[in-house]
1. I want to check the label-to-label distance for residue 51 and residue 277. Put each point 7 Å from Cα in the C-beta direction and report it in nm to one decimal.
2. Taking the Cα centre of each part, how many Å lie between region 220-273 and region 1-72?
3. Once the piece of chain linking residue 312 and residue 74 is laid out straight, how much longer is it, given 0.36 nm per residue of separation minus the C-alpha distance between them?
4. From the mean inverse distance of alpha carbon pairs (Kirkwood) and the Cα radius of gyration, derive Rg over Rh for region 210-310.
5. Rg and Dmax in Å for region 4-206, alpha carbons only: what are they?
6. Hey, got the Cα dimensions of region 149-276 along the principal axes, in Å, largest first?
7. What number in nm² do you get for region 137-194 if you take the convex hull of its Cα atoms and divide its surface by four?
8. For region 1-68, compute Rg over Rh where Rg is the Cα radius of gyration and Rh is the Kirkwood radius from the inverse mean 1/r over Cα pairs.
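Rule-based calculations on the coordinates, nothing more; no lab input. Keep in mind the model is a prediction, meaning the values are calculated, not measured. All Cβ positions, even for glycine, are placed from backbone atoms using ideal geometry, and neighbour counts span all protein chains on display.
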Ligand SMILES: Cc1cc2nc3c(=O)[nH]c(=O)nc-3n(C[C@H](O)[C@H](O)[C@H](O)COP(=O)(O)O)c2cc1C
């Protein structure tokens with residue numbers, strides 16, 4: 001398949017795996033890239049730039065296809081050494097970086113001088129336009145449906161994507177709400193050049209996470225996500241569980257006086273416990289609305305092959321048939 005995204009990244013299919021904390025290791029990234037998509041290692045999960053260098057080497061041993069590294073810019077007091085992470089990316093020969101969290105403007109000279117293609121993931125048209133203005137090669141538009149941080153505007157991709165398509169000239173990736181061929185074809189119709197999936201890739205045999213995480217997501221429905229941290233303007237869509245219920249109760253009680261320290265126990269250091277130990281009730285962890293569409297645990301290759309075969313059938317069969 002050929003779109004502006006397959007051309008830009010040199011990949012077979014316009015399907016990307018977004019950075020995922022404590023999920024985006026070499027196992028998943030290489031499986032996605034080997035299956036024709038664009039896999040992504042999540043830099044901050046590695047803890048240090050040295051560990052990221054090792055993970056990049058491990059991934060290169062597992063695939064000869066292009067893969068990306070995600071750099072998430074956190075709203076943190078003790079900021080990670082981003083410039084050193086970028087050096088590790090550059091020295092590891094990685095040519096594609098997914099940025100997220102806040103504008104990558106400060107780091108664009110470092111990234112561009114290294115010949116790195118930057119795809120910035122953002123949740124609003126104004127931020128997408130800004131990303132294009134500062135030289136990003138593509139934007140990933142994270143709609144309200146997405147797992148992780150959907151922003152504060154609550155605009156779903158049905159609206160964001162056509163707006164982005166009519167206002168941007170760089171290629172657009174639709175992020176959030178896609179789990180199958182129907183979603184991918186819809187996003188392409190809305191103006192996207194490719195799709196980014198998080199939650200769907202988490203529920204694959206190649207995702208290096210505990211089986212209980214995958215089983216919890218297969219069991220969940222489209223009504224089982226919640227939005228947390230809205231009073232802090234750091235909204236996150238997570239899977240519902242007892243910890244999340246307690247967190248929401250605290251948010252309700254504290255109202256606008258809520259401080260991050262009130263809920264820190266339910267949001268900090270949760271990921272390793274959930275993803276590696278399988279303590280799915282340990283706290284809040286990201287999950288998109290697509291969880292309602294996920295009913296099986298295929299390999300990444302089975303998933304991507306299925307999406308591509310069904311997408312072709314939808315376009316050449318069902319849709320073209322509508323015009324006969
Ligand atoms: C468990 C999990 C962890 C995530 N961690 C990150 C992260 O560290 N950085 C980031 O930019 N996005 C993160 N995301 C967001 C994904 O990269 C992607 O944008 C999102 O999942 C797309 O929505 P979907 O889940 O509907 O496919 C995470 C998503 C999930 C489900």
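1. Going by the 7 Å Cα→Cβ label model, 1.6 nm.
2. So the two Cα centres are separated by 29 Å.
3. Between residue 312 and residue 74, full extension yields an extra 81.8 nm.
4. Taking Rg over the Kirkwood Rh, I get 1.05.
5. 15.3, 42
6. Dimensions of region 149-276 along the principal axes of its Cα atoms: 43, 37, 23 Å.
7. 3.7 nm²
8. Reported Rg/Rh (Cα atoms, Kirkwood Rh): 0.99.
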